[in-house]
Amino acid sequence: MRILVVEDEIHLAEALVQILRKNNYTVDAAHDGEAGLDNALTGIYDLILLDIMLPKMDGISILKNIRKEGISTPVILLTAKGEISDKVTGLDSGADDYLAKPFATEELLARIRAASRRKGEVLPDNALKFGDIELNTATLKLSTVSKEIKLILKESELLELLITRKNAVTSKELIIEKLWGFDSEAEHNNVEVYISFLRKKLAFLNSSVSINTVRGVGYVLEVKA
Ligand code: CA
């Protein structure tokens, strides 16, 4: 799988290239908007990590250009923290996802797996681990060393989100945004239903992992002592 990184902060670009190569992706980097667009227009990439603020041409313009040319390569926008309007414009312009800088490596890799799955590719490494559980996001199997159970897609997506956020509390709003999309009709009840399904499945597995409710804030995974 070949990834294009378009990022003008050289240190970040180099770090991304290293991380991705270590995870067996083929990577090219471009450090300004024009070079990024030239590369992207070749259509050879399976995924593009695209910074928004770039010299010569901004990321949103690149995105609009490549979509206009009919290139459907999944694009993950890299946004500076809190640029809500950029996120919305980006998603409206045909981005598949966005990631706020700074981000954790695990989250970046999970988003890349998710974006490339949407393209219909199955990657060899779909396993996520937390405590004594392993989630395979391709087969939707949740397992411990001694037992396994099949999840439905929404349960898998929800657990994947909680695992990739590790010790951070995940709000119901974020869960709705990730699982159902920005302008969906999904409500807090929907989230509560899937959380309760997941809790039952974790209990079935006798897992030491639990989903804790942080009242008024959201949910966080915890490993029971
Ligand atoms: Ca930049």
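Considering the range 1-53, and only residues there that are of a type in the set (Val, Ile, Thr) and part of a helix (DSSP H, G or I), the residue that is farthest from the ligand (Cβ to nearest atom) turns out to be Ile19. Scanning the range 185-206 for residues that are within 29 Å of Thr105 (Cβ to Cβ) and within 21 Å of the chain's Cα centre (by Cα) yields Val191, Tyr194, Ile195, Leu198.
Would you confirm whether or not the range 4-14 contains a residue that is touching a residue at least 60 places away in the same chain (Cβ under 8 Å) and closer than 18 Å to Asp86 by Cα? So far as the range 4-14 goes, yes, one or more of its residues are touching a residue at least 60 places away in the same chain (Cβ under 8 Å) and closer than 18 Å to Asp86 by Cα. Taking Leu174 as the residue in question, decide whether it is exposed (fewer than 13 other Cβ atoms within 10 Å of the Cβ), under 30 Å from Gly94 (Cβ atoms) and within 16 Å of the chain's Cα centre (by Cα). For Leu174, the condition - exposed (fewer than 13 other Cβ atoms within 10 Å of the Cβ), under 30 Å from Gly94 (Cβ atoms) and within 16 Å of the chain's Cα centre (by Cα) - is not met. Here the range 56-68 is the region considered, the condition is being within 14 Å of the ligand (Cβ to nearest atom) and under 26 Å from Thr105 (Cβ atoms), and the residue that is surrounded by the fewest Cβ atoms within 10 Å (Cβ to Cβ) is Asp58. Residue check: Lys56 meets all listed conditions (1) part of a loop (DSSP other than H, G, I, E, B); (2) touching a residue at least 40 places away in the same chain (Cβ under 8 Å) but one, namely (2).
Filtering the range 177-203 to residues that are in contact (Cβ under 8 Å) with a residue 40 or more places away in the chain and under 12 Å from Tyr219 (Cβ atoms) leaves Tyr194, Leu198. Within the range 147-170, restricting attention to residues that are more than 16 Å from the chain's Cα centre (by Cα) and touching a residue at least 12 places away in the same chain (Cβ under 8 Å), the residue that is surrounded by the most Cβ atoms within 10 Å (Cβ to Cβ) is Leu151. Residues in the range 126-144 include none that are farther than 22 Å from Val223 by Cβ and at pLDDT 90 or above.
The values are calculated or read from the model by the stated rules, or taken from the named source; none is laboratory data. Here the structure is a predicted model, which is why all the values come from computation and not from measurement. Glycine gets a Cβ as well: all are built from the backbone with ideal geometry, and neighbour counts include every protein chain shown.
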